[in-house]
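K.L.:
Have a look at this one.
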Amino acid sequence: MSATNFYLDKGFTPSNRITLINGLDTIAVWTPTTSTRVVLTEMSLSANYGGTIAFYFGNLAGTRFAEFLVGASSTITPAIGAVESTMYDRVIFAKVGTSGTDGWRVNLTGFELQ
């Protein structure tokens, strides 16, 4: 059973977040509603210029849960299974190492659990 089907069977409603990153920046890509925690079940990343992108729960002080090196003009869809935050109200941030206009498109799918 896929992670998505597991949470659907438990009655949770899936959510999708699409974010465009247009410069060297650290940007919130998923801000959960109050008193929930996020479970990511699918991820798709597109890079216009290529480079690295890292994802963090809550802050940039040692909470990185994924990092990818993506080639220019490419899209990747890593098989992540499920990545679940263990704390409530933790924003997911993305930090890119190379970017420019229309540099990155981040598409996240998952669930918010209470």
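K.L.:
Can you tell me which condition THR77 does not meet? The list is (1) within 29 Å of MET1 (Cα to Cα); (2) crowded, with 18+ Cβ neighbours inside 10 Å, and all the others hold.
P.N.:
Looking at each condition in turn, THR77 falls short on (2).
K.L.:
While we're looking at this one, here's another question. Within the range 27-56, restricting attention to residues that are closer than 12 Å to VAL91 by Cα and among the β-branched types (Val, Ile, Thr), which residue is nearest to the chain's Cα centre (by Cα)?
P.N.:
VAL29
K.L.:
Considering only residues that are closer than 14 Å to THR75 by Cβ and charged (D, E, K, R), look in the range 94-114 and name the one that is modelled with the highest pLDDT.
P.N.:
This residue is ARG105.
K.L.:
Please state which of the following conditions ASN59 fails to meet, knowing it meets all the rest: (1) farther than 23 Å from PHE12 by Cβ; (2) surrounded by 15 or more Cβ atoms within 10 Å (Cβ to Cβ); (3) polar (S, T, N, Q); (4) under 15 Å from the mean Cα position of the chain (by Cα).
P.N.:
Unmet for ASN59, out of (1) farther than 23 Å from PHE12 by Cβ; (2) surrounded by 15 or more Cβ atoms within 10 Å (Cβ to Cβ); (3) polar (S, T, N, Q); (4) under 15 Å from the mean Cα position of the chain (by Cα): (2).
K.L.:
I need the full set of residues from the range 66-100 which are within 12 Å of the chain's Cα centre (by Cα) and over 13 Å from ARG37 (Cβ atoms), in order please.
P.N.:
ALA66, GLU67, PHE68, THR77, PRO78, ILE80, PHE93, ALA94, LYS95
The values are calculated or read from the model by the stated rules, or taken from the named source; none is laboratory data. Please read all numbers here as calculations on a predicted model, not as lab measurements. Neighbour counts run over all protein chains shown; Cβ positions are idealised from the backbone, glycine included.
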